[in-house]
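The values are calculated or read from the model by the stated rules, or taken from the named source; none is laboratory data. Computed from a predicted model, the values in this text were never measured in an experiment. Virtual Cβ from ideal backbone geometry, glycine too; neighbours counted across all protein chains shown. Surface areas here come from the heavy atoms of the whole protein model, side chains and all, with no ligands, DNA or RNA. Shrake-Rupley method; radii C 1.70, N 1.55, O 1.52, S 1.80 Å.
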Amino acid sequence: MSSRVGYALAVMLLLLAAGLRMWELSTLPAGLSQEDITDVRIAETVRQGGIEVFYDLGNEGREGLYHAVLAAVTGVVGNGLLGYHMLSLWVSLVALALVYVLAMRLYGPLAGVTALALLVVNMEFILAGRQVGREIILPALVAAVMLTLARTLEVYRRSRLPITTAFAGLGLLIGIGFYFHPAHFLIFLFAVIFIVYRLASPPPLSPQMLSFLRFGLLVMIIVATPYLISSIRLPQLSGITRLWDGYNITQTSPIQAYANGLAGIFLAGDKNPTHNLPGRPLIDLFSGMFLLVGFLTAARGWRQPRYALPLIAALVLSPVVFLSSQSPNFQQYLVILPVLALFFGLGVTTLYRTIISPIGKRLAWVGLLALLVFNLFWLIPTLFQKWPAQPEVYTAFHSRLGQIARYLDRTVETTPTLICDTLPTNRIGNDQLTDADLLLLMMNRKAFTPRYADCGSGFIFINGGEGQQVVLPEITSLDSLHPYLRTWVNQGQVIDDPGLPPNAIVNLNVMHALADTIGRFTTTAPAGYAPEAPGTSPLAVPPVRFGGNLTFLGYDEKPTTDYTPGGIVTSITYWRVDGAIPPDLRLFTHVLSDPSAIAAQNDTISVDVSQLQDRDVFIQITFVPLPYTIPEGSYSISIGAYRADNSVRMGVLDNGQPRGTRLFLGQINVRKTGG
């Protein structure tokens, strides 16, 4: 095969690789795994200015350079499910190109094309290119280091003069790799061992080349010095402590771990659904035969640097691949994938060169094409149908939220949106994110203003109930609604869309029903001003204005007025926003034995006040537990609003005049059971 033909085939294979990785990129997987979320949160920390060598995840550290690059990339292309995956996509394609160039220069065009083809249809490599994870850097880093070593140390050709930039690139690659992943310690060790091997093997390196080698070493030391200093200061977070992923020799012997790891390549692969279709081997058996031939060829020719290069890499990198607490772990195989591809390409080239007859060579090409087609037919149904259909995959990638996020990307600009979830935290540390946080992470559109409510005790009618979509993040969210709020939601229509999970979005338009309900409060829900308030009439007819652009619209009178000690008093109040309201607004509900003695209380608010806008109406359901020691008798219920930062209550207004700071909503009776 000529270099020109090999280049043309490589271009076609790279186009195929791009198609396999870009097809349904934002929906396969349809969300983010917990590891993805961790990396995304660190990237968002970097975006906010928190740049560190190691990020403390509580029980381990994590290098931060990948996340800095991810923050820069998403700053240009945007974040969300599509934006967060772009870096992995690009890096995986760059890794493929590097492997092709490396194999071609070491063993010829046929080796380059076949090594590339193996990775193009490799499911683990494709999945890594579709996820958010720093491990995708490892194949590109290994291939780049091997290519630079081969170029600077004249493995595949002699240069009249060494190229200064190549040696600087070698030092930069080896130095910068420490900031990506702890597996780079073994990449560094491999590079050192190969340099020593090359110094001891013919042809000897010239004095000028040795000087350039020292220059590359100096570049590496300069680049890696901050990492070394941070490792000395924070040894518990450094990469060397995480190199073998908690491998315990007392639980699994090295021989057993290597046996499990090798079996994962050819026989029974990773069982983790986030990395693989459980049990699927890394490569097919027939390709494994070529790989084995390539390994034996390299072992036989170990005295030649072009064969020693992948051989040393395989031996040095194998511990981080196979010595795992959960071997086989395909995520850790990424570091050795370029080496396996080199062995495969070398094995194909070795066997092809043994064929003498032209007919035999043509049949060999037909066989290689058939192997590629077989792998495509093996890959495509598994990748696009079987793997995403696994319940474990759906759960691991929070796919319900991912599907909702995709739907919201299409609708939030035209439809006001209420998310039924605890209020978003927007936290980057080790605290658990809410479903609302995850939805925002996965959405590509960020320029919208959703409302948030804990629909177990609160609800928002946007723009007075004119029309909105209600987001129910969890499969149980609809059933978990408070029964009173469920009667409102049941007036809407659950969206049945092929791309949506069940009971995820409800379209709701209750403007007229809400207006009728609020109108009835003027006669069915009488309230009273506080006894100490100035004025002559004690009756407060809703709506009643409060300070802070808040209006009390009324309350739903509960039929239960008799309670026992330890019971729970429930109040359901309606409020309207008439402008900008304090961001620290809280509502209080007091059970009073007399106008100044509080027997029980609950101060709360179940909606995100910061997102409320003019004409929004919200319901607040407040639960007030009565003490078991509360005396029998009659008690009054009072409500009001205040600012949490200074505990100053909002004034009650009557035609613009102050009428105290609270309203009274009637009385309850407390009686002990059994007389």
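Within the stretch 267-280, how many residues are loosely packed, with under 15 Cβ neighbours inside 10 Å and either in a helix (DSSP H, G or I) or in contact (Cβ under 8 Å) with a residue 12 or more places away in the chain (or both)? Give the steps one after another, and end with the answer.
From the stretch 267-280, those loosely packed, with under 15 Cβ neighbours inside 10 Å are 267-268, 279; that's our starting set.
When the remaining residues are screened for being either in a helix (DSSP H, G or I) or in contact (Cβ under 8 Å) with a residue 12 or more places away in the chain (or both), the result is 267-268.
Selection size over the stretch 267-280: 2.
Please determine, by comparing only the residues of the stretch 120-133 that are part of a helix (DSSP H, G or I) and out of contact with any Ser or Thr (no Cβ under 9 Å at 6 or more places or on another chain), which one is nearest to Leu309 (Cα to Cα).
From the stretch 120-133, those part of a helix (DSSP H, G or I) are 120, 123-129; that's our starting set.
From what is left, the residues that are out of contact with any Ser or Thr (no Cβ under 9 Å at 6 or more places or on another chain) are 120, 124.
Working: Val120: 22, Glu124: 24 Å.
Here the answer is Val120.
Can you pull out every residue in the stretch 1-38 that is without any contact (Cβ under 8 Å) to a residue 40 or more places away in the chain and not basic (Lys, Arg)?
Keep residues of the stretch 1-38 that are without any contact (Cβ under 8 Å) to a residue 40 or more places away in the chain, which gives 4, 8, 11-12, 15, 19, 38.
Listed by number, the residues that qualify are Ala8, Val11, Met12, Leu15, Gly19, Thr38.
Having 3 or more residues that are more than 34 Å from the chain's Cα centre (by Cα) is the bar; report the helices (runs of 4 or more DSSP H) wholly within the stretch 447-529 that clear it.
Values: elements: 477-480, 483-489, 511-524.
Answer list for the stretch 447-529: 511-524.
From the list Thr622, Thr661, Thr673, pick out the single residue that is in a loop (DSSP other than H, G, I, E, B), under 24 Å from Leu539 (Cβ atoms) and not basic (Lys, Arg).
Values: Thr622 fails: in a loop (DSSP other than H, G, I, E, B); Thr673 fails: under 24 Å from Leu539 (Cβ atoms).
Going through Thr622, Thr661, Thr673 in turn, just one is in a loop (DSSP other than H, G, I, E, B), under 24 Å from Leu539 (Cβ atoms) and not basic (Lys, Arg): Thr661.
Of all residues in the stretch 239-266, which are under 30 Å from Leu65 (Cα atoms), open to solvent by 40 Å² or more (accessible area, probe 1.4 Å) and among the hydrophobic types (A, V, I, L, M, F, W, C)?
The answer is Ile240, Trp244.
Residues being outside any loop (DSSP other than H, G, I, E, B), closer than 10 Å to Arg586 by Cα and open to solvent by 20 Å² or more (accessible area, probe 1.4 Å): count how many of those fall in the stretch 635-658.
Taking the stretch 635-658 first, the residues outside any loop (DSSP other than H, G, I, E, B) are 635-643, 649, 652-654, 657-658.
Subset that is closer than 10 Å to Arg586 by Cα: 640-643, 649.
Then keep just the ones that are open to solvent by 20 Å² or more (accessible area, probe 1.4 Å); that gives 642-643, 649.
So the count comes out to 3.
Among the listed residues Ser610, Ser606, which satisfies the condition of being within 43 Å of the chain's Cα centre (by Cα), open to solvent by less than 30 Å² (accessible area, probe 1.4 Å), modelled with pLDDT under 95 and among the small types (Gly, Ala, Ser)?
Working: Ser610 fails: open to solvent by less than 30 Å² (accessible area, probe 1.4 Å).
Sole residue among the options that is within 43 Å of the chain's Cα centre (by Cα), open to solvent by less than 30 Å² (accessible area, probe 1.4 Å), modelled with pLDDT under 95 and among the small types (Gly, Ala, Ser): Ser606.
Here is a list of conditions, (1) in contact (Cβ under 8 Å) with a residue 24 or more places away in the chain; (2) open to solvent by 10 Å² or more (accessible area, probe 1.4 Å); (3) in contact with a helix residue (DSSP H, G or I) (Cβ under 8 Å, 6 or more places away or on another chain), and Leu82 meets all of them except one; can you say which number that is?
Of the numbered conditions (1) in contact (Cβ under 8 Å) with a residue 24 or more places away in the chain; (2) open to solvent by 10 Å² or more (accessible area, probe 1.4 Å); (3) in contact with a helix residue (DSSP H, G or I) (Cβ under 8 Å, 6 or more places away or on another chain), the odd one out for Leu82 is (3).
With the stretch 156-266 as the region, which helices (runs of 4 or more DSSP H) entirely inside it contain at least 1 residues that are charged (D, E, K, R)?
Values: elements: 164-176, 184-200, 207-233, 254-266.
Passing ranges, in order: 184-200, 207-233.
Identify all residues within the stretch 521-536 that are closer than 14 Å to Gln667 by Cα, out of contact with any strand residue (DSSP E or B) (no Cβ under 6 Å at 6 or more places or on another chain) and open to solvent by less than 60 Å² (accessible area, probe 1.4 Å); write none if there are none.
Hit for the stretch 521-536 is Ala530, nothing else.
Which residue, of Ala103, Ala68, is of a type outside the set (Lys, Arg), in contact with a helix residue (DSSP H, G or I) (Cβ under 7 Å, 6 or more places away or on another chain) and in contact (Cβ under 8 Å) with a residue 40 or more places away in the chain?
Values: Ala68 fails: in contact (Cβ under 8 Å) with a residue 40 or more places away in the chain.
Selected residue: Ala103, the only one of Ala103, Ala68 that is of a type outside the set (Lys, Arg), in contact with a helix residue (DSSP H, G or I) (Cβ under 7 Å, 6 or more places away or on another chain) and in contact (Cβ under 8 Å) with a residue 40 or more places away in the chain.
For the stretch 109-132, how many residues meet the condition of being farther than 22 Å from Val348 by Cα and open to solvent by less than 10 Å² (accessible area, probe 1.4 Å)? Let's see the steps before the verdict.
Of all residues in the stretch 109-132, those farther than 22 Å from Val348 by Cα come to 126-132.
Then drop every residue that is not open to solvent by less than 10 Å² (accessible area, probe 1.4 Å), which leaves 126-127, 129-130, 132.
The number of residues fulfilling the criteria is 5.
Just checking, how many residues over the stretch 442-478 are charged (D, E, K, R) and under 23 Å from Thr74 (Cβ atoms)?
As a first pass, look at the stretch 442-478 and keep what is charged (D, E, K, R): 445-446, 451, 454, 466, 474.
When the remaining residues are screened for being under 23 Å from Thr74 (Cβ atoms), the result is 445-446.
Final tally of qualifying residues: 2.
Mind telling me which of the residues Ala150, Ala140 ends up being free of Cβ contacts under 8 Å to residues at least 60 places away in the same chain and either surrounded by fewer than 24 Cβ atoms within 10 Å (Cβ to Cβ) or of a type in the set (Lys, Arg) (or both)?
Values: Ala150 fails: free of Cβ contacts under 8 Å to residues at least 60 places away in the same chain.
Sole residue among the options that is free of Cβ contacts under 8 Å to residues at least 60 places away in the same chain and either surrounded by fewer than 24 Cβ atoms within 10 Å (Cβ to Cβ) or of a type in the set (Lys, Arg) (or both): Ala140.
For the stretch 217-232, check the following and say yes or no: at least one residue is of a type in the set (S, T, N, Q) and within 21 Å of Val316 (Cβ to Cβ).
Initially, the stretch 217-232 is screened for residues of a type in the set (S, T, N, Q), giving 225, 230-231.
Those still in the list that are within 21 Å of Val316 (Cβ to Cβ) too: 231.
Within the stretch 217-232, one or more residues are of a type in the set (S, T, N, Q) and within 21 Å of Val316 (Cβ to Cβ).
Considering each residue of the stretch 569-607, count those that are touching a helix residue (DSSP H, G or I) at 6+ places or on another chain (Cβ under 9 Å) and assigned to a loop (DSSP other than H, G, I, E, B), and give that number.
The qualifying residues number 4.
Might you let me know whether the stretch 648-660 holds any residue that is of a type outside the set (A, V, I, L, M, F, W, C) and closer than 30 Å to Val489 by Cα?
In the first step, residues of the stretch 648-660 are kept if they are of a type outside the set (A, V, I, L, M, F, W, C); the result is 649, 651, 654-660.
Remaining after also requiring closer than 30 Å to Val489 by Cα: none.
Looking through the stretch 648-660, none of the residues is of a type outside the set (A, V, I, L, M, F, W, C) and closer than 30 Å to Val489 by Cα.
For the condition in a helix (DSSP H, G or I) and either of a type in the set (D, E, K, R) or buried (at least 20 other Cβ atoms within 10 Å of the Cβ) (or both), what is the one hit in Arg62, Arg41? Walk me through how you get there before you give the answer.
Values: Arg62 fails: in a helix (DSSP H, G or I).
Answer to the selection: Arg41.
Tell me, please, whether a residue that is surrounded by 15 or more Cβ atoms within 10 Å (Cβ to Cβ) and either polar (S, T, N, Q) or on the phi > 0 side of the Ramachandran plot (or both) can be found in the stretch 188-201. Walk me through how you get there before you give the answer.
If we filter the stretch 188-201 for residues that are surrounded by 15 or more Cβ atoms within 10 Å (Cβ to Cβ), which is where we start, we get 188, 190-191, 193-195, 197-198, 201.
From what is left, the residues that are either polar (S, T, N, Q) or on the phi > 0 side of the Ramachandran plot (or both) are 201.
Taking every residue of the stretch 188-201 in turn, at least one turns out to be surrounded by 15 or more Cβ atoms within 10 Å (Cβ to Cβ) and either polar (S, T, N, Q) or on the phi > 0 side of the Ramachandran plot (or both).
What number of residues in the stretch 20-32 are open to solvent by less than 10 Å² (accessible area, probe 1.4 Å) and either within 21 Å of Leu65 (Cβ to Cβ) or among the hydroxyl-bearing types (Ser, Thr, Tyr) (or both)?
Adding up the residues that qualify gives 1.
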